[in-house]
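Quick notes on the structure that follows.
We did not get these values from a lab; they are worked out from the coordinates using the rules stated. Computed from a predicted structure; not experimentally measured. Ideal geometry is used to build each Cβ from the backbone, glycine not excepted, and the neighbour counts take in all protein chains shown.
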Amino acid sequence: MEYTIKNAYCKRVWDEISVRYADQGHFLQAAGLVLETISPVVDKMPELEKNAVLERFVEPERIIMFRVPWTDDQGKPHVNRGFRVQFNSAIGPYKGGLRFSPEVGLDVLKFLGFEQVLKNSLTTLPMGGGKGGSDFDAHGKSDAEVMRFCQSFVTELYRHIGPDTDVPAGDKGVGGREVAYMFGQYKRITNQYVGVLTGKGLSFGGSLARTEATGYGLIYFVECMLAKIGQDFKGKTAIISGDGNVAQYAAEKLIQLGGKPLTLSDSTGYILDEEGITAEKLAYVKEFRANHEKVDAYVKKFPKAKFFKGEKPWGVKADLALPCATQDEIYLEDAQKLVANGIKLVAEGANMPTRAEAIEYFQKNGVIFAPGKAANAGGVAVSGLEMSQNSERLSWSFEEVDAKLKQIMTNIHDNAYETAKKYATEGDYVAGANIAGFVKVANAMVAQGLV
Ligand code: NDP
């Protein structure tokens, strides 16, 4: 993908990293799109080049890599690779999830960490950005195997994290079970009961509404986007990909607000329910997913629905598309299908599910597009609220946290919208989110000197 990077300083930094990290395609896509869209504001901030802000902005402050030895239930040893990318702490302690998935390596974690810096800045909470994880694949592993893996992972990670240093959370492949095992091991090694991880269970420092936060937050964000064009969810159909945490709670809130989800998916294919996925049907999705069953379980229970093995849902006709599974879900040809089918709005629940060329196609064809760093920031925002509750030794009610989440998503939306109007094109949420997130971090980096 060619980026049109108009500012000379942004272009120079892009030329340098595109050679240095030529093997890190995901990181380069994330960085390229940011350097392209922040150009207008970098034009107005000569202090950035004087202080080498961009050269520092594209390099993680620290990368920790380690081995994770563990034994399976037969006593056979295995060794995975563990990582923590501590990207930027200009505005707060590093904060960002841990992903356990075979694709995990430096490229994926650097792109996620880079995006996280801007996302956390947008939430207005004092959080820097980081990301970590392992190439461990939890599919088909027993609870005891997952526990031994998590304990081994934290036996190294614990020395690099802490409530005022770096506070990891879950991500793909890391849910409540894994966070609990990691929290237990951290406590055992350090003899400290502190808020070092978020997404914890409710009986040991977790926040109400954290489970729902990313999916609900996505829908609150889309509600603001629709309001800008004088519309709401009533009667609108939506294609949703994924059937995990983000997809489930996006579908739940969408249904509550009068919309109709038509699809869900996983790595085996997608299901289409033309009658619409209702709250009752969604309860069954949560049940089969918790039992580690695949998405075709849906059609066994609701035979009017159809299962499309090995396919993605982007050919289904609907009003809205919400990719909520993983990166690289929507390529140019998928975007062309969506536009041909009359899709009006795409908002990312996952991180970077849309390829840069597909985003460009949406924008050129009048589709309103919201990037994940703005639209899926609800999860990390409530993680930030979990940190506040842990520090205060208090728990807020579900309603209190949900109201704060809604307010934060509205603020992120308005900030991205107004920033786009000021520096780029009205309605360009990609530019708006990148510029708004960047300026706050860049100002803090200038103020703190060359560190
Ligand atoms: P889950 O692990 O709960 O669910 C992931 C979903 O994506 C599953 O349906 C999974 O299917 C599917 N999936 C994974 N890999 C692929 C693939 N290669 N092709 C097709 N489908 C795939 O993760 P989350 O819902 O937590 O996260 C989803 C996305 O949202 C990720 O990009 C994550 O970074 C992002 N995100 C999550 C946040 C959170 O709070 N959870 C916060 C912000 C962003 P299967 O089970 O078959 O692998």
Query raised in the report: Restricting attention to region 1-59, which GluC sites (Glu not before Pro) occupy a DSSP loop and are surrounded by at most 12 other Cβ atoms within 10 Å?
Result: Glu2
Query raised in the report: Looking at the chain, do any whole DSSP H helices span at least 15 angstrom along their long axis by alpha carbon and average 0.5 or above on Kyte-Doolittle, and which?
Result: 25-43, 106-122, 429-447
Query raised in the report: Which three extents, in whole angstrom, do the alpha-carbon atoms of region 148-268 cover along their principal axes, largest first?
Result: 53, 33, 24
**Report entry** Helix-only mean residue ellipticity at 222 nm for the chain, each DSSP H run of n ≥ 4 adding -39500 (n - 2.57), per residue, nearest 500
**Finding:** -15500 deg cm²/dmol
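How much net charge surrounds Gly129 when only other residues with a Cβ under 14 Å from its Cβ are counted (Lys, Arg +1; Asp, Glu -1)?
Residues near Gly129 contribute +4 overall.
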Query raised in the report: Taking other Cβ within 10 Å of each residue's Cβ, how do Leu345, Leu257, Leu118, Leu28 sort, fewest first?
Result: Leu257, Leu345, Leu28, Leu118
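Just to confirm a number: summing +1 for Lys and Arg and -1 for Asp and Glu over residues other than Asp171 whose beta-carbon lies under 11 angstrom from that of Asp171, what do you get? Please report the intermediate quantities before stating the final value.
Working: positive: Arg99, Lys131, Lys172; negative: Glu178.
Once all neighbours under 11 Å are counted, the net charge is +2.
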Requested in this report: Answer with one residue from Gly310, Val380, Ile359: the one whose Cα lies farthest towards the positive end of the charge dipole of the chain, charges on Cβ with Lys, Arg +1 and Asp, Glu -1.
Outcome: Val380
Requested in this report: In debye, nearest 20, what is the charge dipole magnitude of region 62-193 about its Cα centre with +1 on Lys and Arg Cβ and -1 on Asp and Glu Cβ, if you could check?
Outcome: 280
Query - Separation of the Lys421 and Val299 label points, Cα + 7 Å toward Cβ, nm - result: 4.6
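Which length gain, in nm to one decimal place, applies between Ser142 and Glu400 when the Cα-Cα distance is subtracted from 0.36 nm times their residue separation? Can you show the working numbers first?
Numbers: separation 258, 0.36 × 258 = 92.88 nm, distance 3.64 nm.
Contour length minus Cα-Cα distance gives 89.2 nm.
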Query raised in the report: Hey, how many Å between the Cα centroid of region 156-184 and the Cα centroid of region 214-292?
Result: 28
Report task. Would you list the P(r) distribution for the chain, with all Cα-Cα distances sorted into 20 Å bins from 0 and each bin expressed as a whole %? Result -> 26, 60, 14, 0
Report summary line: quick shape note, region 8-57: Cα extents on principal axes in Å, largest first -> 31, 18, 15
Report task. Treat each spin label as a single point 7 Å out from the Cα along the C-beta direction, and report the Val446 to Glu16 distance in nm. Result -> 1.8
Requested in this report: Would you order Arg177, Arg188 from fewest to most other beta-carbon atoms within 10 Å of each residue's own beta-carbon?
Outcome: Arg188, Arg177
Requested in this report: Mind giving me the FRET efficiency for Leu202 and Lys50? R0 is 56 Å, r the Cβ-Cβ distance, nearest 0.05 is fine.
Outcome: 0.70
Query raised in the report: In debye, nearest 20: dipole of region 212-375 around its Cα centre with unit charges on the Cβ of K, R (+) and D, E (-)?
Result: 280
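Within the set Lys373/Lys404; Lys306/Lys364; Lys50/Lys404; Lys228/Lys260; Lys253/Lys312; Lys304/Lys364, which residue pairs have Cα atoms separated by over 29 Å?
Details: Lys373/Lys404 18 Å; Lys306/Lys364 33 Å; Lys50/Lys404 38 Å; Lys228/Lys260 21 Å; Lys253/Lys312 23 Å; Lys304/Lys364 37 Å.
Too far apart for the 29 Å limit: Lys306/Lys364; Lys50/Lys404; Lys304/Lys364.
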Report task. Provide the percentage of antiparallel DSSP beta bridges, counting only those with both residues in the chain; round to the nearest 5. Result -> 60
Report summary line: From fewest to most C-beta neighbours within 10 Å, the residues Ser89, Ser383 line up as Ser89, Ser383
**Report entry** Distance in nm between pseudo-label sites at His292 and Glu274 (7 Å out along the Cβ direction from Cα)
**Finding:** 3.6
Query - Chain lengthening between Asp73 and Val194 when straightened (0.36 nm per residue, less Cα-Cα) - result: 40.5 nm
Query raised in the report: In straight Cα distance, which aspartates and glutamates are under 14 Å from Lys286, not counting same-chain residues fewer than 8 positions off?
Result: Glu212, Asp243, Glu252, Asp266, Asp296
Query - Within straight-line cross-link reach of Lys6, lysines at Cα separation under 16 Å, skipping those fewer than 8 residues along the same chain - result: Lys44
